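A.B. asks: Here's a structure for you.
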Amino acid sequence: ISNEKNMNDDKKITILIVDDSIEDRETVRRYLSKSHGNSFIQMDAETGEEGFGILKENRLDCILLDFHLPDMDGIDFVRNIVDNPDLRNIPIIMLTGQGDESIAAESLKSGVQDYLVKENLNSDLLSRSIKYAIDKKQSDLGREKYIKEIEDALGKIKKLEGMLPICCSCKKIRDDKGAWNQIEEYISDHSEAEFTHGMCPECIKNHYPGYYDD
């Protein structure tokens with residue numbers, strides 16, 4: 001499911017309202033219909049299970065979720081969304097009948113983008129919250145992608161640690177299986193380094209004295 005839309009576009013924003021209260025759903029629909037500059041497609045679900053059915057069949061831009069549902073609470077619904085790779089891109093706004101700081105904190109921690117108290121709702125507040133939730137979700141996904149790229153890059157870097165047994169004469173290194181390897185072979189196997197061969201001035205002097213004098 002993609003959420004590449006912007007609230008300033010002419011495209012309609014598809015909203016899923018998950019709430020078992022008919023009156024509350026009607027109130028939300030009324031606020032959305034009065035929103036200035038934004039056009040919404042609204043879908044309804046009375047239960048969490050019904051909401052998941054709609055999610056699987058439709059492309060949605062945002063979910064307005066009641067905290068208290070007849071078959072599950074809002075936190076469980078959110079966690080199921082976040083744990084589903086096909087649905088986790090959808091921003092979620094939690095709605096509650098009355099303000100509760102503990103519920104607000106738990107909701108935001110579980111993965112919602114915003115938290116609103118129903119009795120404080122109005123058209124402008126709801127519209128701004130939807131825009132904020134969509135923008136925040138896209139920003140979070142972008143940051144997650146960047147972090148994963150960094151982690152993947154760091155995962156490719158092999159580090160050499162500990163003491164390396166090295167021959168004082170030929171400079172071969174003994175590996176953990178007891179075999180002796182050329183130093184460049186050992187380093188190549190244990191890091192991302194590549195070798196290009198040359199000769200230092202001291203070796204040139206020892207092996208090619210005539211060339212060195214010239």
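The values are calculated or read from the model by the stated rules, or taken from the named source; none is laboratory data. Keep in mind that what you see is a predicted model, and the values were worked out from it rather than measured. Positions of Cβ are generated from backbone atoms using ideal geometry, with glycine treated the same way; all protein chains shown enter the neighbour counts. Accessible surface areas use protein heavy atoms only, side chains included; no ligands, DNA or RNA. Shrake-Rupley method; radii C 1.70, N 1.55, O 1.52, S 1.80 Å.
A.B. asks: Pull up the range 50-71, narrow it to residues that are in a helix (DSSP H, G or I) and surrounded by 15 or more Cβ atoms within 10 Å (Cβ to Cβ), then point me to the one that is farthest from the chain's Cα centre (by Cα).
C.D. replies: Glu50
A.B. asks: Then there's this: Taking the conditions exactly as written (surrounded by fewer than 20 Cβ atoms within 10 Å (Cβ to Cβ) and in contact (Cβ under 8 Å) with a residue 12 or more places away in the chain), does Tyr132 satisfy them or not?
C.D. replies: So Tyr132 fits the description; yes.
A.B. asks: Follow-up. Of Gly74, Gly97, which residue is under 22 Å from Glu26 (Cα atoms), surrounded by fewer than 18 Cβ atoms within 10 Å (Cβ to Cβ) and either over 18 Å from the mean Cα position of the chain (by Cα) or modelled with pLDDT of 95 or more (or both)?
C.D. replies: Exactly one of Gly74, Gly97 is under 22 Å from Glu26 (Cα atoms), surrounded by fewer than 18 Cβ atoms within 10 Å (Cβ to Cβ) and either over 18 Å from the mean Cα position of the chain (by Cα) or modelled with pLDDT of 95 or more (or both), namely Gly97.
A.B. asks: Okay, moving on. Please determine, by comparing only the residues of the range 20-38 that are polar (S, T, N, Q) and open to solvent by less than 50 Å² (accessible area, probe 1.4 Å), which one is farthest from Ile134 (Cα to Cα).
C.D. replies: Ser21
A.B. asks: Determine whether the range 85-93 contains at least one residue that is buried (at least 18 other Cβ atoms within 10 Å of the Cβ) and under 19 Å from Glu119 (Cα atoms).
C.D. replies: Yes, the conditions are met somewhere in the range 85-93.
A.B. asks: Please enumerate the residues belonging to the range 82-141 that are part of a loop (DSSP other than H, G, I, E, B) and small (Gly, Ala, Ser).
C.D. replies: Selection gives Gly97, Gly99, Gly111.
A.B. asks: Any residue at all in the range 182-204 that's closer than 30 Å to Lys11 by Cβ, of a type outside the set (Gly, Ala, Ser), part of a helix (DSSP H, G or I) and at pLDDT 75 or above?
C.D. replies: No, the range 182-204 contains no residue that is closer than 30 Å to Lys11 by Cβ, of a type outside the set (Gly, Ala, Ser), part of a helix (DSSP H, G or I) and at pLDDT 75 or above.
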